[in-house]
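As structure tokens, the structure follows; a few thoughts come after it.
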Amino acid sequence: MKTIQTIILTAAMAISGFASAHEYKTDSLHIDHPWSKQVPPTSSVAAAFFSVMNHGDNDDVLLGASSPIAEKTELHAHIHENGMMKMREVEQIEIPAHGTQMLKPGGYHIMFFGLNEVPKLGDSFPVTLNFKQAGMVEVDVKVEEATYMPEGGHSDKEMDHSHH
């Protein structure tokens, strides 16, 4: 019995320690800087982005997400269809073993529909991520300006020049 309490205590201490750095770790997953684009106060939708590194030997899969700020939360991807960019709901988002999956504008992301409250710039709101292997992971999503670029990210303009 004692070992379980020790494990829970250690986990609680580890989680509170990482919260300030805005990183979340499970046994094999490392979730870095969950963020959301600032939306107008009248908006009924918002999106969240983050990167997930899988340090484990097994693939993991993001199966879904939920947040108290929204009536409905869906996993989405941007898909090229007939030369158009379309947003499509996806069943799941794969996180390959020893790989990184980026959820970013123009790619995979989490969509929140029917917002009960519109998060303001600088605010954070809780999101629970449901992973196949890692289980439920609660993260705080920080609201950043729409122009925000995570470290190491490149704007689309920079990317375009590399093609010419």
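The values are calculated or read from the model by the stated rules, or taken from the named source; none is laboratory data. As the structure is a computational prediction, the values presented were derived from the model and not from experiment. Glycine gets a Cβ as well: all are built from the backbone with ideal geometry, and neighbour counts include every protein chain shown.
Among the strands (runs of 3 or more DSSP E) lying completely within the range 56-113, list those that include at least 2 residues that are in contact with a strand residue (DSSP E or B) (Cβ under 7 Å, 6 or more places away or on another chain) and surrounded by 15 or more Cβ atoms within 10 Å (Cβ to Cβ). Explain how you work it out, then say what you get.
Details: elements: 60-66, 70-81, 84-89, 93-95, 100-103.
Answer list for the range 56-113: 60-66, 70-81, 93-95, 100-103.
Among the candidates V139, V118, V90, single out the residue that is under 13 Å from the mean Cα position of the chain (by Cα) and hydrophobic (A, V, I, L, M, F, W, C). Steps first, please.
Values: V118 fails: under 13 Å from the mean Cα position of the chain (by Cα); V90 fails: under 13 Å from the mean Cα position of the chain (by Cα).
Unique residue meeting the criteria: V139.
Picking from E81, E74, E117, which residue would you name as being at negative phi and modelled with pLDDT of 95 or more?
Details: E81 fails: modelled with pLDDT of 95 or more; E117 fails: modelled with pLDDT of 95 or more.
Only one candidate passes the filter, namely E74.
Kindly indicate the residue of the range 39-51 that is surrounded by fewer than 22 Cβ atoms within 10 Å (Cβ to Cβ) and within 15 Å of the chain's Cα centre (by Cα) and also farthest from E144 (Cα to Cα) among those meeting that condition. I'd like the intermediate steps shown before the answer.
Residues of the range 39-51 surrounded by fewer than 22 Cβ atoms within 10 Å (Cβ to Cβ): 39-45, 47, 51.
Still in the running and within 15 Å of the chain's Cα centre (by Cα): 47, 51.
Numbers: A47: 11, S51: 15 Å.
Filtering the range 39-51 for residues that are surrounded by fewer than 22 Cβ atoms within 10 Å (Cβ to Cβ) and within 15 Å of the chain's Cα centre (by Cα), the one farthest from E144 (Cα to Cα) comes out as S51.
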